[in-house]
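One structure below.
The values are calculated or read from the model by the stated rules, or taken from the named source; none is laboratory data. Keep in mind that this is a model prediction, so the values were computed, not measured. As a convention, Cβ positions derive from the backbone with ideal geometry for all residues, glycine included, and neighbour counts pool all protein chains shown. Surface areas here come from the heavy atoms of the whole protein model, side chains and all, with no ligands, DNA or RNA. Shrake-Rupley method; radii C 1.70, N 1.55, O 1.52, S 1.80 Å.
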Amino acid sequence: MGLPVVLDVALGLVFVYMALGLIASEVQEIVSTMLQWRAEHLKYSIEQLLAGGQSADHRAARRLADQIYSSPMVRDLNYEAQGIIARSARQMLHVIGSVYRLVSRTRNVFGRQTSGPSYIPSEAFATTLMETLQLEGVQKTVVEARLKRLLQERIMLPLGDTLHTLRAAVGDGALLDVELRNLEASLEKIFIDYRTGRTGLAQIADRVMAELDHFADQGAQVLPESYGATQAFTRRLGYLRSQIAGGMDMAEGLVHQLQPNLKELLALLTSSGEQADSRSELAYIRQTLDGRIPVRLQESLNILAERVSRRTGAAEDQFKLFQQELEHWYDRGMDRAAGVYRRNSKIVAILIGVAIAAAVNADTFYIVNRLTVDQAVRNSVIQTVNQASLDTLVSPSDDARALSDDLQSLGTAVQTTLSDYSLPIGRSPKLLATQAVLEADWPLPIPRHWFGWIVTGLAVSMGSNFWFDALRRITSVRSAGARPASSTATSERP
């Protein structure tokens, strides 16, 4: 068997693989869409990422993942098919799945929802996770608790003790009583303004300082300057101001004391942290997240928070950087999950390829035999390949519709070839009889065409694009032909 025949056989075999690969790709895409393999794999991968590979934390990770999936930002990413046939098939699968889960007592991977998105951007995941953990709510609650303690225990209580000493020295039990009540009312208003969002944390220091200065001015007007108690009162007010600032700039020092960093916030969510009243928002947040933060997730979040704290000290910048770190962490996890999905998809592609090969009786051994011994079959396949416009089909195109039309044209050409010529595919009585004759001397108890189906299935699972490229290369080599004879050598012959 010469090289031209080998190339023709290879061309015919690759053409069959390519045609079956087109069918297998469509079947796998339809099955994957209907059964939501990508969406389910994504949900499992997110649960695995949250659990950190620990089976003990799988239940907590699943609850947290369900909460993430129920958020509007992630829920809006789920685009179900809108066609009548697609919806009917999806509803039928949901019913079958519900019956199966009822009998097997298993849980729907999407929780109370019937489906989920097949892709979640890292930004959406990071934002939703931060909202689920309610970090900003925890921060506001902690700042409120610290601000209230600051105003009551570090300002009003020391001032009350100072005034008590001053009143005892002067002998006036009502000294600066009205001024003190006005200061207390002003500080309470500052606290209410922050709670309601009217005042930011950066403005609180200026307002607190202004109220203390106003109280000091009122005391200076009431008390004589030469009086020793007045001087002691003024010194204690100055000391109180420096204590509130913590040796720093007033605004910077107060913000630093009131606003917790990321590590403190995470510690509050996962441990007892600061003591809070059971009726407070912080206690409610802890109760909401109780048992929903896996241990390995806590460790991962602490590592990310430590990394952020080394990069910046501003709380506002920490939240932005922390979200970026969460996005990178999610992307790395999904890269590993994508590798697992590709391996699983390869196994499914092999199974679909073998199933299609068995359905159409595409036996690689028999196909090679027929293409080798039957020149008419080889010529029919080559003619079909030449009419399929391979250059247009395999070249990159920006027009997706044109590529789809080319694929459809190729599929039509394949069907025409199968109907007009005796290609070694199908289950006609003549073909089955020929197969039986070739397998008469097969020594193994397993039929030979089973092995042929497996070989075909493995080849088809490599994808139609692979065989497009192989077909183009073989066509290029075949069209080159043999080197023509030299005209000089011909003229010199006698």
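All but one of (1) crowded, with 20+ Cβ neighbours inside 10 Å; (2) modelled with pLDDT of 85 or more hold for Y44; state the number of the condition that does not hold.
Here Y44 meets the rest and fails (1).
For the range 55-69, does any single residue satisfy the condition of being of a type in the set (A, V, I, L, M, F, W, C), assigned to a loop (DSSP other than H, G, I, E, B) and at pLDDT 75 or above?
The answer is no, given that none of the residues of the range 55-69 is of a type in the set (A, V, I, L, M, F, W, C), assigned to a loop (DSSP other than H, G, I, E, B) and at pLDDT 75 or above.
Which one of A185, A169 is of a type in the set (G, A, S), part of a helix (DSSP H, G or I) and farther than 12 Å from F233 by Cβ?
Values: A169 fails: farther than 12 Å from F233 by Cβ.
After ruling out the rest, the residue left standing is A185.
Which one of V31, V16, V27 is surrounded by 18 or more Cβ atoms within 10 Å (Cβ to Cβ) and either among the hydrophobic types (A, V, I, L, M, F, W, C) or more than 18 Å from the chain's Cα centre (by Cα) (or both)?
V16
Sort out which residues of the range 371-382 are of a type in the set (D, E, K, R) and either under 13 Å from H449 (Cβ atoms) or surrounded by fewer than 19 Cβ atoms within 10 Å (Cβ to Cβ) (or both), and write them in order of number.
Within the range 371-382, D374 is the sole residue that qualifies.
Being of a type outside the set (G, A, S), part of a loop (DSSP other than H, G, I, E, B) and out of contact with any helix residue (DSSP H, G or I) (no Cβ under 7 Å at 6 or more places or on another chain) is the filter here; which residues of the range 439-479 pass it?
Those that are of a type outside the set (G, A, S), part of a loop (DSSP other than H, G, I, E, B) and out of contact with any helix residue (DSSP H, G or I) (no Cβ under 7 Å at 6 or more places or on another chain): D441, P443, L444, P445, I446, P447, M462.
Look at G411 and say whether it is modelled with pLDDT of 60 or more, within 49 Å of the chain's Cα centre (by Cα) and not aromatic (F, W, Y).
So G411 does not fit the description; no.
Could we say that E136 is surrounded by fewer than 19 Cβ atoms within 10 Å (Cβ to Cβ), modelled with pLDDT under 85, among the charged types (D, E, K, R) and in a helix (DSSP H, G or I) here?
yes
Hey, among E264, E316, E325, E306, which residue is closer than 20 Å to E123 by Cα and at pLDDT 80 or above?
Unique residue meeting the criteria: E325.
Among L157, L175, L183, which is among the aliphatic types (A, V, I, L, M), open to solvent by less than 20 Å² (accessible area, probe 1.4 Å), within 58 Å of the chain's Cα centre (by Cα) and in the same structural domain as Q231 (by the TED database)? I'd like the intermediate steps shown before the answer.
Details: L157 fails: open to solvent by less than 20 Å² (accessible area, probe 1.4 Å); L175 fails: within 58 Å of the chain's Cα centre (by Cα).
Matching residue, one of L157, L175, L183: L183.
Search the range 310-335 for residues being of a type in the set (D, E, K, R) and touching a residue at least 24 places away in the same chain (Cβ under 8 Å), and hand back the single one that is least open to solvent (accessible area, probe 1.4 Å).
E327
Kindly list the number of the only condition in (1) under 25 Å from V360 (Cα atoms); (2) at pLDDT below 85 that fails for N78.
Going through the list (1) under 25 Å from V360 (Cα atoms); (2) at pLDDT below 85, N78 breaks only (1).
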